[in-house]
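Okay, so here's the structure we're looking at.
What follows draws every value from the coordinates through simple rules; no lab data is involved. Keep in mind the model is a prediction, meaning the values are calculated, not measured. Glycine gets a Cβ as well: all are built from the backbone with ideal geometry, and neighbour counts include every protein chain shown.
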Amino acid sequence: MRTSDPAFDATLKKYQRLTLTLFYPPLLSLFAIVSGYLIPNYSYYLSYSFSRFLMLALVESNRGAYSFLYFVPLLASLAIAGLFLGLTLLSAKGKLYPLLGGVALYLADAIYGSLLYGLGLYGSMDLGVYLVSLFLHVAFLVLYGFALANYAKLVRPSGKPGNNP
């Protein structure tokens, strides 16, 4: 969709590129989960905190059992990747709620990861894993903030409240 305003087109392209970042964290997490199946005692640096917890609880403690529970983390990671793929496609079409939903889910995972380091719950993280996870969460949340800012520019291109032609 091209308009007569080149600034609007540039902002739209930037927004659509930034919405693709919604799919990168679940894709990284899926690769980390698959790596966890192949490498015993893997640290899960790039996985979601929730997926990491499932891997520690159901795979690392039962390595070699090959029951249904052994594959639950992989199925959950595939479902999360599918959900975020849908959210990415909807937000690239210009919808706001999928972007906000993806940001909320990712922020919830960041908070859960912080609890895993700070409170010493089951599956607690080492400092190195926590720092990598924190850095990735903050970096992607900043990118989501840029996507929201570009969405705001698309809705109100002049930046002024009121009626826009």
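At-a-glance table
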item	result
Sites matching chymotrypsin sites (Phe, Trp or Tyr not before Pro) across region 4-39 that sit in DSSP coil, with at most 11 neighbouring C-beta atoms within 10 Å	none
Dipole magnitude of region 57-158 about its Cα centre (Cβ charges: Lys, Arg +1; Asp, Glu -1), debye to nearest 20	520
Spacing of the two label points (7 Å from each Cα toward its C-beta) at Tyr70 and Leu141, in nm	3.7
Sum of -39500 (n - 2.57) over DSSP H runs of 4+, divided by residues of the chain (222 nm, nearest 500)	-23000 deg cm²/dmol
Region 1-60: translational diffusion in µm²/s, Stokes-Einstein, Kirkwood Rh over Cα pairs, 4 °C, 1.567 mPa s	95
Compactness of region 75-126 as Cα Rg over 2.2 N^0.38 Å, two decimals	1.41
Cα gyration tensor shape for region 30-150, rounded if a/c is under 1.5, else prolate or oblate	oblate
Virtual spin-label span in nm between Ala79 and Asp126, 7 Å along Cα→Cβ	3.1
Segment Ala152-Phe8, extension gain: residue separation times 0.36 nm, minus the distance between their alpha carbons	50.7 nm
